[in-house]
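Notes to accompany the following structure.
The values are calculated or read from the model by the stated rules, or taken from the named source; none is laboratory data. The shown structure was predicted, so the numbers you read here are calculated from the model rather than taken from an experiment. Heads up, the Cβs are rebuilt from the backbone with ideal geometry, glycines too, and the neighbour counts pull from every protein chain shown.
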Amino acid sequence: MAHDGQAQAPNVYDAEPIPASAMAEIERLLSSGDLFRYTAPEGSPVALLEGEFAELMGARYALAVASCSAALFLSLKALDLPRGAKVLIPAFTFAAVPSAVVHAECEPVLVEVGENYRVDMDDFAAKLLGAGAVLISHMRGHTSDMDAILALCDAAGVPVVEDAAHSLGTTWHGRKIGTIGKIGCFSFQSYKLVNAGEGGMLITDDPELAARCVIMSGAYEHNWKKHPGLQNSYMLWQNKLPLYNMRMQNLSAAVIRPQLPEVAGRVAKGRAGHDRVAERLNQSAYLAVPPPLAPEERAPDSIQFNLTGDWSDADARRFQAEAKRRGITVQIFGLSEDNARAFWNWQFLGETPDLPKTRAMLMRAGDVRLPTRLTDDELDFIAAAIFDAAAAVKG
Ligand SMILES: *Cc1c(COP(=O)(O)O)cnc(C)c1O
């Protein structure tokens, strides 16, 4: 199939647009100057967002914070792990995840990830002994085997935190991702399904964990009274915990709230768009999109695929150049310099053992954003560019 090239190439970097209904609320906040979540006696935009998000997820408690990274950090602090505790994380994730573990004064233990982008359960089981916590990063929205992970962790008495930054709307056996572990953490950074520029949320059903997170997020003095829940828990922790001040401000909540009713539609569109491109890529002899595990219903806004068979680094780079010539930039995680998703660049961890499975995957896994607003024609353009680029190198 012939293309006009760049002229038609869709822009996959723009974020989700902000619903017009946010504007009136933003104007109201700007003209009153009421930006701090704890100024109003009740019903601040952040508090309303927390209530709406908890209801959307079916969780008892929700706490809005500055970022998903802040949510991950607070989760680990709330678990009250001893300094230096081992925290298992998948070796395929974003650098902010091991960073949150380090920030919480714990030691990240990287677990191998297979070519389907999911935690390698043999390596997980081998490394679980002695762990203080497990932080499962559902990287790019891919869900690892949560049945196996929870069974092992429950048996060992190890708490599980879910990094669901990119998994809003994904389900596992029909259960919402982020409600399976003790705490679930979400991101509203611009490249996630809900776009506030920055922002995060944590959810839990555990009143003690909720109270500890609320106080540490910066609910100083008696501001915790503005959070619904068990006040006894808060009384217990008043003045006993550090205040890290990772609160969300009202403007962010005003941007997020009108997007929540759009989540279900974005999820359905994202899944359909992803599956449309995946079907085309899977027709190539040189490409494969790994299927989800059976219990998973995905909510993707990007696609990952593997270059299959015998690809050299040089071939993979030529494939990237051929795709670029057709207007589409394909990230291959391990091939770009200083990539934040390649574990060997996390030098702040010091010496870490090599992880050959994860490394092999990162060197041949392609990544393209598929924002849920793309039309079928735009999706087909992207699929054709990737398909044809692989054929141009290997055909
Ligand atoms: C985006 C992302 C994060 C970080 O979220 P922030 O809100 O930017 O801190 C963490 N984990 C995963 C899997 C992500 O996709």
Check your understanding: How many residues are within 13 Å of the ligand (Cβ to nearest atom) and of a type in the set (Lys, Arg) when one looks only at region 73-100?
Key -> 0
Practice item. Looking only at region 163-173, decide whether some residue is under 20 Å from residue 248 (Cβ atoms), assigned to a strand (DSSP E or B) and within 9 Å of the ligand (Cβ to nearest atom). Key: yes
Exercise for review: Can you give me the number of residues within region 181-221 that are among the charged types (D, E, K, R) and in contact with a strand residue (DSSP E or B) (Cβ under 9 Å, 6 or more places away or on another chain)?
Suggested key: 5
Practice item. Specify which of the listed residues (72, 76, 56, 49) is part of a helix (DSSP H, G or I) and in contact with a Lys or Arg (Cβ under 7 Å, 6 or more places away or on another chain). Key: 49
Review point. If residue 176 satisfies every condition in (1) in contact with a helix residue (DSSP H, G or I) (Cβ under 7 Å, 6 or more places away or on another chain); (2) more than 26 Å from residue 67 (Cα to Cα); (3) of a type in the set (Lys, Arg) but one, which is the exception?
Key: (2)
Revision key, fill the gap. Restricting region 143-162 to residues that are over 16 Å from the mean Cα position of the chain (by Cα) and not in a helix (DSSP H, G or I), the one farthest from the ligand (Cβ to nearest atom) turns out to be 157
Exercise for review: Within region 244-280, track down each residue that is of a type in the set (Val, Ile, Thr), under 18 Å from residue 28 (Cα atoms) and in contact with a strand residue (DSSP E or B) (Cβ under 9 Å, 6 or more places away or on another chain).
Suggested key: 256
Revision key, fill the gap. Out of (1) part of a loop (DSSP other than H, G, I, E, B); (2) under 22 Å from the mean Cα position of the chain (by Cα); (3) at pLDDT 95 or above, the one residue 328 does not meet is (2)
Review point. Has region 189-204 got at least one residue that is crowded, with 24+ Cβ neighbours inside 10 Å, in contact (Cβ under 8 Å) with a residue 60 or more places away in the chain and among the polar types (S, T, N, Q)?
Key: yes
Point to revise | Residue count, region 174-206 (criterion: on the phi > 0 side of the Ramachandran plot and near the ligand (Cβ under 9 Å from one of its atoms)) | key: 1
Review point. Among the residues of region 303-311, is any under 19 Å from the mean Cα position of the chain (by Cα), closer than 17 Å to residue 393 by Cβ and not acidic (Asp, Glu)?
Key: yes
Practice item. Please work out which residue is nearest to the ligand (Cβ to nearest atom), limiting yourself to region 101-115 and to residues that are in contact (Cβ under 8 Å) with a residue 24 or more places away in the chain and in a loop (DSSP other than H, G, I, E, B). Key: 104
Revision key, fill the gap. All conditions in (1) surrounded by fewer than 24 Cβ atoms within 10 Å (Cβ to Cβ); (2) in a helix (DSSP H, G or I); (3) more than 16 Å from the ligand (Cβ to nearest atom) are true of residue 140 except (3)
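Name the residue that is farthest from residue 119 (Cα to Cα), counting only residues in region 58-72 that are of a type in the set (Ser, Thr, Tyr) and within 13 Å of the ligand (Cβ to nearest atom).
67
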Point to revise | Pair list, Cβ < 8 Å and 6+ apart or interchain, from region 13-41 residues that are surrounded by 11 or more Cβ atoms within 10 Å (Cβ to Cβ) and in a loop (DSSP other than H, G, I, E, B) to residues that are modelled with pLDDT under 90 and not hydrophobic (A, V, I, L, M, F, W, C) | key: none
Review point. Looking at region 281-297, which of its residues are out of contact with any strand residue (DSSP E or B) (no Cβ under 9 Å at 6 or more places or on another chain), of a type in the set (A, V, I, L, M, F, W, C) and within 20 Å of residue 392 (Cβ to Cβ)?
Key: 285
Revision key, fill the gap. Filtering region 303-334 down to residues that are under 25 Å from residue 144 (Cβ atoms) and crowded, with 19+ Cβ neighbours inside 10 Å yields 303, 304, 305, 306, 307, 330, 332, 333, 334
